[in-house]
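Before any comments, here is the structure.
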Amino acid sequence: MFCNLIDGQWRGSGHAIVNRNPSDLHDVVGEFATASAGDMRDAVAAARAALPGWRATTVQQRADILDAAGSEILARKQELGTLLAREEGKTLAEAVGEVARAGQIFKFFAGEALRGHGEWLDSVRPGVEVAISREPVGVVGLITPWNFPIAIPAWKAAPALAFGNTVVLKPAELVPASSWALADILQRAGLPDGVFNLVLGSGRVLGPAMLEAGIDALSFTGSQATGQALAADCAARGIKLQLEMGGKNPLLVADDARLEQAVECAINGAFYSTGQRCTASSRLIVCAGIYDAFVARLAERTAALRVGHALAPDTQIGPVASEVQLAANLRYVAQGQAEGASLLCGGDALQLATPGYYQQPALFAGCTAQMAISREEIFGPVAAVLRADGYEHALALANDTPYGLAAGICTQSLALATHFRRHAEAGMVMVNLPTAGVDYHVPFGGRKGSSLGPREQGRHAVEFYTTVKTAYLGL
Ligand code: NAD
């Protein structure tokens, strides 16, 4: 049984989550102890007790620990990637890439710990100087989703620790193994007891318990419904909040797009990682002049995608992560057909050699902006193609969404690319690239219903994980 990490101790419980491989339900990845609300209270108390010691460490000590953790993650990327592919279902190549990303993030924030983030200014008054410094925000709660089992915990925990905060991580129930491995690595890298705590189990039980126990800040990534409920609770309690939620990201294909490049962007953005990325291109908005050629080529490519066991070398699309998600995807496929969209290929659940949650990627054409498959985040391998009269119409369709995470355009025109970059209502804009796939040293996040609070990642992470102090010094 894999246990919770509370105050430096691995603590079990009477209950366990059985973590199964969505590529092969006979394959048990492990049994993970589920924590109670009392365990969560203990974890927050441990983080509170560890805070004065951790914030007093030198930046060199913090940098060394984060760097050591990053080195171990990178050295074990094949093994940890295999574990991640077994618990989440993304292909081995995608999983190893995600683990490597987690390692790079720890190395980046080892550097950030060392770099100064303060300012020193002259006052507007004579004989006075002003010092602006940053201090840790305190005990930080991290709640993470299942689709990036190690990268998201890494991109929250690394800056939190780098800037002197203590941490309680509550990962998604579906993917405890990668977070457990991360906790084990951090503990062995030399973190003092209580600085990083791992609490596994139900969000409905442990989320409220975390807030009640008295954290100072909460960084949440997950669905919009959960995020909005947490926002109300955090506001009432005065807890600093960062929310990263869903997306319904458009890829706009202009008439002058290079056909093969645009199709490649659509295949990658819509279907890789089984469509289970918050930045997935789930809406493909195609201008009339290229529509027929684009749809024909995309349908051909989509139908040829190889769905299979995540660890099989020729698999391009792994299984859906869970039975619940697969059932939701199938409901959307049925709804798309009922609302009058044309299902060009895929959509069905597949029976393969091993029992798992396989689905053939679904491509719908002739979609209208009002259809549920064009408006709601599906979070699976289902893409909706919408036809636009021209660029202005396509841009209006792209922005006609309550979400605003990522938006992409395929065009050879610098003028169109520039116009789109300025007018797309999204936190991240991609030109001739898939909407999914980002760097780790630059800000990540969205606007409208996708995000709330400061950006994650890169140098911008300092905004959330520190609080600013302004000091006036009379000479
Ligand atoms: P979810 O909201 O169901 O769960 C996310 C986390 O919240 C889990 O750890 C869960 O246990 C916890 N949780 C559930 N109920 C809770 C409650 N009442 N209080 C506190 N915590 C609670 O989301 P999911 O299904 O795990 O993830 C998929 C969603 O995540 C999608 O909407 C996707 O777009 C989003 N996502 C967003 C980003 C981004 O950066 N914008 C990145 C990845 C995923």
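The values are calculated or read from the model by the stated rules, or taken from the named source; none is laboratory data. Just so it is clear, the structure is predicted and the values come from calculations on it, not from any experiment. Here Cβ is always computed from backbone atoms with ideal geometry, including for glycine, and neighbour counts include all displayed protein chains. Keep in mind that these areas ignore ligands, DNA and RNA; they rest on the heavy atoms of the full protein, side chains included. Shrake-Rupley method; radii C 1.70, N 1.55, O 1.52, S 1.80 Å.
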Options 270, 266, 310; residue that is within 16 Å of the ligand (Cβ to nearest atom), open to solvent by less than 10 Å² (accessible area, probe 1.4 Å), in contact with a strand residue (DSSP E or B) (Cβ under 9 Å, 6 or more places away or on another chain) and within 30 Å of residue 354 (Cβ to Cβ): 270
Qualifying residue in segment 97-105 (condition: over 26 Å from residue 442 (Cβ atoms) and free of Cβ contacts under 8 Å to residues at least 40 places away in the same chain): no
Filtered residues of segment 323-354 (kept if open to solvent by less than 60 Å² (accessible area, probe 1.4 Å), of a type in the set (A, V, I, L, M, F, W, C) and part of a loop (DSSP other than H, G, I, E, B)): 341
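Taking helices (runs of 4 or more DSSP H) that fall entirely within segment 368-475, which contain at least 3 residues that are within 28 Å of residue 259 (Cβ to Cβ)? Break it down into steps so the answer makes sense when it comes.
Details: elements: 372-375, 391-399, 414-423, 461-465.
Answer list for segment 368-475: 372-375, 391-399, 414-423.
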Subset of segment 254-269 (residues that are touching a Leu at 6+ places or on another chain (Cβ under 7 Å) and in contact (Cβ under 8 Å) with a residue 40 or more places away in the chain): 254, 265, 266, 269
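Filter segment 254-300 for residues that are among the charged types (D, E, K, R) and either touching a Lys or Arg at 6+ places or on another chain (Cβ under 7 Å) or within 28 Å of residue 450 (Cβ to Cβ) (or both) and give the result. Even if it seems obvious, please write down each step before you answer.
First, the residues of segment 254-300 that are among the charged types (D, E, K, R): 255-256, 258, 260, 264, 277, 283, 292, 297, 300.
Across segment 254-300, the qualifying residues are 264, 277, 283.
Taking the options 241, 186, 259, 230, name whichever one is within 29 Å of residue 74 (Cβ to Cβ) and either within 16 Å of the ligand (Cβ to nearest atom) or not basic (Lys, Arg) (or both). Full working, then the answer.
Values: 241 fails: within 29 Å of residue 74 (Cβ to Cβ); 259 fails: within 29 Å of residue 74 (Cβ to Cβ); 230 fails: within 29 Å of residue 74 (Cβ to Cβ).
On inspection, the qualifying residue turns out to be 186.
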Residue, surrounded by the fewest Cβ atoms within 10 Å (Cβ to Cβ), within segment 97-119, restricted to residues that are over 16 Å from the mean Cα position of the chain (by Cα) and of a type in the set (A, V, I, L, M): 114
Counted residues, segment 212-227 - those being near the ligand (Cβ under 8 Å from one of its atoms), closer than 19 Å to residue 138 by Cα and aliphatic (A, V, I, L, M): 0
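Quick grid of which residues meet (1) closer than 22 Å to residue 295 by Cβ; (2) aliphatic (A, V, I, L, M):
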residue: 390; (1), (2): yes, no
residue: 417; (1), (2): no, yes
residue: 433; (1), (2): yes, yes
residue: 465; (1), (2): no, no
residue: 470; (1), (2): no, no
Conditions (1) closer than 23 Å to residue 407 by Cα; (2) without any contact (Cβ under 8 Å) to a residue 60 or more places away in the chain: number failed by residue 232: (1)
Some residue of segment 452-475 being open to solvent by less than 10 Å² (accessible area, probe 1.4 Å) and over 22 Å from residue 113 (Cβ atoms): no
The one condition in (1) touching a Phe, Trp or Tyr at 6+ places or on another chain (Cβ under 7 Å); (2) over 26 Å from residue 332 (Cα atoms); (3) touching a residue at least 60 places away in the same chain (Cβ under 8 Å) that residue 468 fails to fulfil: (1)
